[in-house]
Amino acid sequence: MKKTTYYLYIIIFWSPVVVLGQDSTSITKSQAPTPVEIFAGHRALSYQHVLSKDIGRFNFFNVAAFDAEYGTSPKNDFVISSFFSYQLGKGFSLGIGGEIQPPGANFIVGAQYVYASNQWLLVLFPSVTLQQASQFAQLSLLEFRPKISQGIRGYFRAQVLVSTNFITYDRGYQQFRLGLQINQVQFGLAANYDQFASNTRTTTNYGAFVRLLIF
């Protein structure tokens, strides 16, 4: 379950990216970019990209993420995931997805609420794993992008995840980004805090990120 919940924070990006690339309020979902992010921290180097495709009221997306630690005995992770969702309207959607990661595969069902404007993004994503030992996860995401000048915005992102079976705290993280967006490039400072298996293992990663929105 540890990496299943890591997948959850990534899958929400297909919805908000439609408003992140340009200042115009007339951007349509067919113009949604492919975001590619690299985070170079003091502990690890991370990469992720997201592909999204609308088919009527349905959406399909695929995501790949890699995390490579430095050192002679690194703990490297990866996840490759796909998700199908149906848009109910007014920011609400339902979907089912699956992922491949060491040591196997998982299936997930979830609901999602998204509020997006040129400056604000709010995402709430409760979900349940479809396996014998089911887990409940709640993901919350907040972004703020105040306009500074033509083509330049401030950029702040906070993501918080809690995963539990209502007996133990299985997995959690808090991730923060602070910087600028210039046209289709976001960059700045980054900090990740991760907790595993009721806090028996915790990690941190501080550094810088670059996120390119490819149209």
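Exactly one residue out of Leu189, Leu180 is in a strand (DSSP E or B), among the aliphatic types (A, V, I, L, M) and loosely packed, with under 13 Cβ neighbours inside 10 Å: that is Leu189.
For the range 30-70, taking the residues that are part of a loop (DSSP other than H, G, I, E, B) and among the charged types (D, E, K, R), the one that is farthest from Asn192 (Cα to Cα) is identified as Arg57. For the range 192-215, a residue qualifies if it is outside any strand (DSSP E or B) and in contact with a helix residue (DSSP H, G or I) (Cβ under 7 Å, 6 or more places away or on another chain), and exactly one does: Phe215.
Residue count for the range 80-105 satisfying the condition of being in contact with a Phe, Trp or Tyr (Cβ under 8 Å, 6 or more places away or on another chain), of a type outside the set (D, E, K, R), assigned to a strand (DSSP E or B) and under 24 Å from Tyr169 (Cα atoms): 5. You will find that of Phe92, Phe39, Phe61, Phe83, the residue that is surrounded by fewer than 19 Cβ atoms within 10 Å (Cβ to Cβ) and either at pLDDT 80 or above or closer than 20 Å to Gln112 by Cβ (or both) is Phe92 and no other. A Cβ distance below 8 Å, combined with a sequence gap of six or more or placement on separate chains, defines the contacts here; from the range 44-67, residues that are under 14 Å from Gly95 (Cα atoms) and of a type in the set (Phe, Trp, Tyr) reach residues that are in a strand (DSSP E or B) and modelled with pLDDT of 85 or more in the pairs Phe58/Phe84; Phe58/Ser85; Phe58/Tyr86; Phe58/Gln87; Phe60/Phe84.
Scan the range 92-130 for residues that are touching a residue at least 40 places away in the same chain (Cβ under 8 Å), out of contact with any strand residue (DSSP E or B) (no Cβ under 6 Å at 6 or more places or on another chain) and polar (S, T, N, Q) and the total you get is 2. Taking the options Ser134, Ser149, name whichever one is modelled with pLDDT of 85 or more and surrounded by fewer than 16 Cβ atoms within 10 Å (Cβ to Cβ). The conditions single out Ser149. Can you name every residue in the range 191-215 that is over 15 Å from Leu180 (Cα atoms), touching a residue at least 12 places away in the same chain (Cβ under 8 Å) and not small (Gly, Ala, Ser)? Result: Asn192, Tyr193, Asp194, Gln195, Phe196, Asn199, Thr203, Thr204, Asn205, Tyr206, Ile214, Phe215. Applying the set (1) of a type in the set (A, V, I, L, M, F, W, C); (2) surrounded by 13 or more Cβ atoms within 10 Å (Cβ to Cβ); (3) under 23 Å from Leu45 (Cα atoms) to Val114 leaves exactly one unmet item: (3).
The values are calculated or read from the model by the stated rules, or taken from the named source; none is laboratory data. These figures come from a predicted structure and were not determined experimentally. Ideal geometry is used to build each Cβ from the backbone, glycine not excepted, and the neighbour counts take in all protein chains shown.
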